[in-house]
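See structure below.
Readers should treat all values here as calculations from the given coordinates under stated rules, not as data from a laboratory. Because the structure is predicted, anything quoted here is derived from the model rather than measured. Note that we place each Cβ from the backbone using ideal geometry, even for glycine, and neighbour counts take in every protein chain shown.
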Amino acid sequence: MARMRPDRRAAAFALAAHALTWGAMLAFAHALALPDGWPLAVPGASGLPHAGGFNALAFVLPGGAIALLAWRLRLRLGARATLWAGVALRLWLLAALLFAAQGLLPLDPNELDAGGSRAHASAWLAWALALGAAAALSALALPAARWGSAAAALAVALVLALAPPGFADRLLLGAWTLWTAWLPLRLLRPAAEA
């Protein structure tokens, strides 16, 4: 059997994708002089200057990159993956696609409870639930990822249940960033691929 090693390139790829998200959010918040506690998707609201660029940098490109990573890691596990491990990695792929969808469904500042804002909120909630389900199932199905995945699943559950709205998106984004960069380090690759 081939010797296994952590997939540091995949983890670095995930961190680079997340750097786009965090960088766009910080840069646009500064440029728009948003107050503390603003919802993270506000700079991408319809009608704001450069909203399309923000949505592409903060959601669409990073979500697509993480989806590509999840798909690649699922393929790498191949026949070694149990049914539940395969489902966990597919849920991770779904969460990444839902993260990207948030940028394709921008907020409507004129109707925060209807239309585009409702679609964006639905994508956000579906992303959070898919993230929690992927982390929980990874904790059960991927022994090497058990403790970090369980921590991520617990964090998502606590945030959804207890966090005030102004901080829930930041806490979930932090859990998403840490878990998706950490998981490739636990899903090992053969040393021959290095």
Item to check | Computed over the chain, Cα set: Rg, Dmax in Å | outcome: 17.1, 60
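If you average the sequence gap of Cα pairs under 8 Å that are 6 or more apart and divide by the length of the chain, what percent do you get for the contact order? Walk me through the numbers on the way to the answer.
Details: 272 pairs, mean separation 58.3, N = 194.
Over the chain, the number comes to 30 percent.
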Checklist entry - Which helices, counted as full DSSP H runs in the chain, have an axial Cα extent of no less than 27 Å and a Kyte-Doolittle average of -1.0 or above? => result 8-31, 83-104, 115-141, 165-186
Checklist outcome for this item: With label points set 7 Å from each Cα along the Cα-to-Cβ direction at ARG8 and LEU112, the distance between them in nm comes to 4.6
Checklist entry - Counting other C-beta atoms within 10 Å, which of THR177, THR82 has the fewest, and how do the rest follow? => result THR82, THR177
